[in-house]
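Input: a single structure, listed below in structure tokens.
The values are calculated or read from the model by the stated rules, or taken from the named source; none is laboratory data. Only a predicted model underlies this, so the values are computations on that prediction, with no experimental measurement involved. In this analysis, Cβ positions are derived from the backbone assuming ideal geometry, glycine residues included, and neighbour counts consider all displayed protein chains. Note: accessible area is taken over every heavy atom of the protein model, side chains too, but ligands, DNA and RNA are not part of it. Shrake-Rupley method; radii C 1.70, N 1.55, O 1.52, S 1.80 Å.
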Amino acid sequence: MHTTNRIKVICQDITSLAVDAIVNAANNGLMGGGGVDGAIHAGAGKGLLAECRTLGGCATGEAKLTGGHLLPAKYIIHTVGPVWRGGSQGEAELLESCYLSSLRLARENGVRSLAFPAISCGAYGYPIERACAIAVATIRDFLVENTLPETVTLVCRSKDMVQTYMKLLGS
């Protein structure tokens with residue numbers, strides 16, 4: 001684990017974290033899918049899918065909140081990242097919006113501890129270094145202005161991603 005101020009970096013299964021909220025890298029329908037989204041839906045149980053059905057989907061760059069259901073997290077914040085299309089189709093702005101929308105929703109709901117996966121870095125193909133840079137800059141800027149969340153954990157799927165985040169955090 002690495003900590004810089006209020007940002008931690010770990011290589012762990014996001015569904016196992018006992019934090020106030022985890023962020024789900026969801027699809028627009030919020031009905032589950034592959035990768036992190038599939039793991040979160042599987043771990044949370046059928047109640048999550050039932051609750052997601054009431055939300056009417058989620059636009060790319062936005063975020064919606066549900067209960068954590070069977071997961072140790074109290075809440076799940078679902079955000080839909082952009083599919084990488086070369087970088088000239090507003091992907092950076094949409095990815096930044098995912099992080100900001102999630103952070104705002106966390107703050108509004110009194111979330112003290114929040115965990116993010118690397119949004120859009122799986123099946124959506126976003127280049128990891130670019131995505132990590134957006135994540136770190138957006139989270140850092142938000143935390144300077146806000147007391148909540150108190151801690152943000154960046155959850156990685158590989159040691160290489162941990163190193164990328166650590167480099168961006170100046171460690």
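Among 90, 32, 61, the residue with the largest mean-square fluctuation in a Gaussian network model of the chain, with springs joining Cα atoms closer than 10 Å, is 90. Annotation: the antiparallel percentage among DSSP beta bridges lying fully within the chain is about 30. In the stretch 85-171, inverting the average of 1/r over every pair of distinct C-alpha atoms gives 13.4 Å as the Kirkwood radius. For the chain, the Kirkwood radius over C-alpha pairs fed into Stokes-Einstein at 37 °C and 0.692 mPa s yields D = 211 µm² per second. Look at the dipole of the chain built from charges on Cβ: of 10, 97, 133, the Cα furthest out on the positive end belongs to 10. For the chain, with all protein chains in place and a probe radius of 1.4 Å, 50% of the accessible heavy-atom surface sits on carbon or sulfur. Restricting attention to the chain, the count of lysine pairs at 8 or more positions apart or across chains with alpha carbons under 17 Å apart stands at 5. Computed with a 1.4 Å probe over protein heavy atoms only, the accessible area of residue 30 comes to about 0 Å². Computed from backbone phi, the HN-Hα couplings of the stretch 64-79 come to 9, 10, 9, x, x, 6, 7, 7, x, 6, 5, 10, 10, 9, 9, 9 Hz, rounded to whole numbers (Karplus: 6.51 cos²θ - 1.76 cosθ + 1.60, θ = phi - 60°; Gly and Pro given as x). Considering only alpha-carbon pairs that sit under 8 angstrom and 6 or more positions apart, the relative contact order computed for the stretch 46-91 is 31 percent.
Shape summary: the stretch 29-82 maps onto an equivalent ellipsoid whose semi-axes, from the alpha-carbon gyration tensor, are 16, 12, 10 Å in decreasing order. The heavy atoms of residue 85 present about 150 square angstrom of accessible area, all protein chains included, probe 1.4 Å.
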